[in-house]
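Asker: Below you will find the structure I want to go over with you.
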Amino acid sequence: MRVGIVVSEWNNQITDRLLESAVNTLIANGVSPTSITVRRVPGSFELVYGASLMAKSGYVDAIIAIGCVVRGDTPHFDYICQGTTQGLTTLNAQGQIPIINGLLTVNTMEQAEARTGGSVGDKGKEFALTAIKMIDYAWQFQK
């Protein structure tokens, strides 16, 4: 399995923890460290472009898009969350390879932290396990 991870630099105190957990989970499940490609983009909105380029490369079997958007005082949150989710959904529908939506959309930083191994679980691990399952699913149709 070859897995690509596109991760947002914005809110990196959260996205770096999600990335670390995803990479560790992939390795623990038999993915070679040399088969994991990590690329960074400035923000969550740029995850779509980053994932699109990676998918077109043909080098990976699935992509995990990791980002974190925390609600603020303006509607910017809504636009970024909606645009990013729609973009990742469109890439998935194009069907080249599975794109895992690892975008945390939370009201507070505490909620984000709770999703990086805290009281709500470890979303980085969940993203990685989902990628593995979806690669296996896709391979069933390639035989």
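Asker: In the range 1-12, how many residues are open to solvent by less than 50 Å² (accessible area, probe 1.4 Å) and free of Cβ contacts under 8 Å to residues at least 60 places away in the same chain?
Answerer: Filtering the range 1-12 down to residues open to solvent by less than 50 Å² (accessible area, probe 1.4 Å) leaves 3-8, 11.
Next cut, free of Cβ contacts under 8 Å to residues at least 60 places away in the same chain only: none.
The number of residues fulfilling the criteria is 0.
Asker: Among residues belonging to the range 99-119 that are of a type in the set (G, A, S) and touching a helix residue (DSSP H, G or I) at 6+ places or on another chain (Cβ under 8 Å), point out the one that is surrounded by the most Cβ atoms within 10 Å (Cβ to Cβ). Walk me through it before giving the result.
Answerer: Within the range 99-119, the subset of a type in the set (G, A, S) is 102, 112, 114, 117-119.
Applying the additional criterion that residues be touching a helix residue (DSSP H, G or I) at 6+ places or on another chain (Cβ under 8 Å) yields 102, 112, 117.
Values: G102: 29, A112: 24, G117: 16.
Selected residue: G102.
Asker: Quick one: which of I64, I27 is in contact with a Gly (Cβ under 8 Å, 6 or more places away or on another chain) and at pLDDT 95 or above? Show your work before the answer.
Answerer: Values: I27 fails: in contact with a Gly (Cβ under 8 Å, 6 or more places away or on another chain).
The conditions single out I64.
Let's see how each residue does on (1) part of a helix (DSSP H, G or I); (2) open to solvent by 20 Å² or more (accessible area, probe 1.4 Å); (3) over 16 Å from G117 (Cβ atoms); (4) out of contact with any strand residue (DSSP E or B) (no Cβ under 9 Å at 6 or more places or on another chain):
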residue: I14; (1), (2), (3), (4): yes, no, no, no
residue: I27; (1), (2), (3), (4): yes, yes, yes, no
residue: G30; (1), (2), (3), (4): no, yes, yes, yes
residue: R39; (1), (2), (3), (4): no, yes, yes, no
residue: G43; (1), (2), (3), (4): no, no, yes, no
residue: Y49; (1), (2), (3), (4): yes, yes, yes, no
residue: L53; (1), (2), (3), (4): yes, yes, yes, no
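Asker: Next up: Residues A112, A138, A93: which one is in a helix (DSSP H, G or I) and farther than 28 Å from S32 by Cα?
Answerer: On the way: A138 fails: farther than 28 Å from S32 by Cα; A93 fails: farther than 28 Å from S32 by Cα.
Of the residues listed, the single one that is in a helix (DSSP H, G or I) and farther than 28 Å from S32 by Cα is A112.
Asker: A further question follows. Quick one: in the range 56-98, of everything that is aliphatic (A, V, I, L, M) and under 22 Å from N24 (Cα atoms), which residue is most open to solvent (accessible area, probe 1.4 Å)? Explain how you work it out, then say what you get.
Answerer: Residues of the range 56-98 aliphatic (A, V, I, L, M): 60, 62-66, 69-70, 80, 88, 91, 93, 97.
Keeping just the survivors that are under 22 Å from N24 (Cα atoms) gives 60, 62-66, 97.
Working: V60: 7, A62: 0, I63: 0, I64: 0, A65: 0, I66: 0, I97: 28 Å².
Only one residue tops the list, namely I97.
Asker: Please pick out the residue among Q94, Q111 that is without any contact (Cβ under 8 Å) to a residue 60 or more places away in the chain and under 18 Å from S21 (Cα atoms).
Answerer: Values: Q94 fails: under 18 Å from S21 (Cα atoms).
Only one candidate qualifies: Q111.
Asker: Check whether at least one residue in the range 73-80 is under 17 Å from K123 (Cα atoms) and hydrophobic (A, V, I, L, M, F, W, C), and report yes or no. Talk me through it step by step, then tell me what you get.
Answerer: Of the residues in the range 73-80, the ones under 17 Å from K123 (Cα atoms) are none.
Checked the range 73-80: no residue is under 17 Å from K123 (Cα atoms) and hydrophobic (A, V, I, L, M, F, W, C).
Asker: Suppose the filter is assigned to a helix (DSSP H, G or I), open to solvent by less than 70 Å² (accessible area, probe 1.4 Å), farther than 18 Å from V106 by Cβ and touching a helix residue (DSSP H, G or I) at 6+ places or on another chain (Cβ under 8 Å); does V23 pass it?
Answerer: Numbers: assigned to a helix (DSSP H, G or I): yes; open to solvent by less than 70 Å² (accessible area, probe 1.4 Å): yes; farther than 18 Å from V106 by Cβ: yes; touching a helix residue (DSSP H, G or I) at 6+ places or on another chain (Cβ under 8 Å): yes.
Answer is yes for this residue.
The values are calculated or read from the model by the stated rules, or taken from the named source; none is laboratory data. Note that the coordinates shown come from a computational prediction; the quantities given were computed from them, not determined experimentally. Counting neighbours? That spans all protein chains shown, and the Cβs are built from the backbone with ideal geometry, glycine included. In case anyone asks, the SASA skips ligands and DNA or RNA and just uses the protein heavy atoms, side chains included. Shrake-Rupley method; radii C 1.70, N 1.55, O 1.52, S 1.80 Å.
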